[in-house]
Amino acid sequence: MALAAHLKHPFSQAYALGCAAWLNSYRREPAAMSARAKETMGLSQAQALGWWLLWGMIFDGRGMADAGDPAAGIAQMESALGMYRGVGSGMVVPYFLTQLAGAHTMNGDFDRAIERLDDARGLVAQGGEAIAAAEIDRLDAEMRLQRAELGGVPLGGSDLGAVELLLHRAIATSQQQGARLFELRAATSLAKLLKSQGKTGAATAMLEAAINGIPDQMPTRDLDAARQALLTVI
C-alpha cells in the first residue's frame with residue numbers, strides 16, 4: 001500500500017487496499033477489513049475503478065453484517081456480487097460466497113447460507129478457484145450443527161456422520177493446499193465434535209498438531225480459539 005501510494009498510481013492503490021481488506025477478512029479482523037473496504041470504495045469511486053468498487057462493496061457488506069446489521073450487509077453483498085459475476089469475473093467468487101453465507105447465518109437463514117456454499121462448491125468443481133474449498137466444507141458442517149442446535153433437535157446418525165465427514169475433508173483439503181489457518185479452523189470445530197462424542201484423546205492429538213503447525217505463534221483470533229478449545233478438550 002505504501003509503494004502504491006508513493007507511486008500515485010490509483011489502480012495499484014485500489015489493488016493494494018482491496019487485497020488488504022481480503023487479508024483482514026482471512027484473519028477475521030472485521031473492523032480493519034471494513035476500514036480497508038471503505039478506502040477501496042472511496043478511491044474507486046473517485047477514479048472510476050468499477051471492478052474494485054464492487055470488491056470493496058462486498059467486503060464492506062460483510063463488515064456491516066459483522067457489526068450487527070446482517071440484513072443491510074447481505075443486500076449490499078448480493079447486489080455487488082451479482083454485478084461482479086455479471087461482468088464475467090470469477091476471481092475470488094467462491095470465497096466471496098463463503099462470506100455471504102456467513103452473513104446469512106448471522107441473519108438466521110441457514111438454508112440460504114447453505115445454498116450459497118453449494119454455489120461456491122459447484123464453482124470449485126467446475127474448475128474454479130479452490131482456495132476456499134476447505135472453508136466451504138468447514139462452514140457447511142458448522143452451519144448444519146448450529147441449525148440443528150437452534151432447532152432443538154441435535155444431529156445424529158447419518159446426518160452427524162455427514163457433518164464429521166465434511167470436517168475431515170476440510171482438514172484433508174487444507175493440508176493438501178498447505179493452508180494452515182484453514183486447517184486450524186476445521187480442526188478446532190472437529191475437536192469440539194469429537195469431544196461431544198467422548199473421543200477426547202483423538203480430539204486433543206488432532207488439535208495440538210494443528211496448533212503446532214502454525215509457523216507464527218503470535219496471537220490471532222483463530223489461534224486463541226484453538227487454544228481455548230484445547231483447554232476444554234483435555
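The values are calculated or read from the model by the stated rules, or taken from the named source; none is laboratory data. Here the structure is a predicted model, which is why all the values come from computation and not from measurement. Here the Cβ is made from the backbone with ideal geometry for all residues, glycine too, and neighbour counts use every protein chain on show.
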- Item | Search result, residues across region 215-234 that are assigned to a helix (DSSP H, G or I) and free of Cβ contacts under 8 Å to residues at least 24 places away in the same chain | 224, 227, 228, 231
- Quick one: what pairs do we get from region 3-25, first residue under 18 Å from residue 46 (Cβ atoms), second modelled with pLDDT of 95 or more and of a type in the set (A, V, I, L, M), C-beta under 6 Å, 6+ apart or different chains? 4/16; 13/43; 14/43; 14/49; 21/33; 21/37
- Query: Filter region 172-214 for residues that are of a type in the set (Gly, Ala, Ser) and part of a loop (DSSP other than H, G, I, E, B); which is nearest to the chain's Cα centre (by Cα)?
  - Reply: 179
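Taking the residues in region 100-130 that are of a type in the set (Gly, Ala, Ser) and surrounded by fewer than 18 Cβ atoms within 10 Å (Cβ to Cβ) as candidates, determine which candidate is nearest to residue 68 (Cα to Cα). Let's see the steps before the verdict.
From region 100-130, those of a type in the set (Gly, Ala, Ser) are 101-103, 108, 113, 120, 122, 125, 127-128, 130; that's our starting set.
Add one more test, that the residue is surrounded by fewer than 18 Cβ atoms within 10 Å (Cβ to Cβ), and what stays is 108, 122, 125, 127, 130.
On the way: 108: 12, 122: 30, 125: 33, 127: 35, 130: 30 Å.
Applying the filter and picking the extreme gives 108.
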- Being under 17 Å from residue 207 (Cα atoms), among the aliphatic types (A, V, I, L, M) and within 17 Å of the chain's Cα centre (by Cα) is the filter here, so list the residues in region 142-171 that pass it. 166, 167, 170, 171
- Message: Please go through region 175-219 and give me each residue that is within 24 Å of residue 140 (Cβ to Cβ), in contact with a helix residue (DSSP H, G or I) (Cβ under 8 Å, 6 or more places away or on another chain) and not aliphatic (A, V, I, L, M), ordered by number.
- Response: 175, 177, 180, 182, 183, 185, 188, 189, 192, 195, 213
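Just give me the residues in region 85-99 being surrounded by 14 or more Cβ atoms within 10 Å (Cβ to Cβ) and over 9 Å from the mean Cα position of the chain (by Cα), in sequence order.
Start the filter on region 85-99 by keeping residues that are surrounded by 14 or more Cβ atoms within 10 Å (Cβ to Cβ), which leaves 85, 89, 92-99.
Within region 85-99, 85, 89, 92, 93, 94 meet the criteria.
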- Message: Based on this model, can you work out whether residue 118 counts as assigned to a helix (DSSP H, G or I) and in contact (Cβ under 8 Å) with a residue 24 or more places away in the chain?
- Response: no
- Note on the structure: Matching residues in region 145-184 (touching a Leu at 6+ places or on another chain (Cβ under 9 Å), among the charged types (D, E, K, R) and modelled with pLDDT of 95 or more) number 1
- Message: Which residue is surrounded by the fewest Cβ atoms within 10 Å (Cβ to Cβ), if the candidates are limited to region 4-57 and must be at pLDDT 95 or above, in a loop (DSSP other than H, G, I, E, B) and over 20 Å from the mean Cα position of the chain (by Cα)?
- Response: 48
- Would you mind finding the one in 82, 88 that is on the phi > 0 side of the Ramachandran plot and without any contact (Cβ under 8 Å) to a residue 24 or more places away in the chain? 88
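Residue by residue through region 123-155, note down the ones that are within 20 Å of residue 188 (Cα to Cα) and not in a helix (DSSP H, G or I). Break it down into steps so the answer makes sense when it comes.
Residues of region 123-155 within 20 Å of residue 188 (Cα to Cα): 131-149, 154-155.
Listed by number, the residues that qualify are 131, 132, 154, 155.
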- Which pairs do you get when a residue that is farther than 19 Å from residue 29 by Cβ, found in region 175-202, comes within reach of a residue that is among the basic types (Lys, Arg) and in a helix (DSSP H, G or I), reach meaning Cβ atoms under 9 angstrom, with the pair 6+ apart or on two chains? 186/138; 186/169; 189/138; 190/138
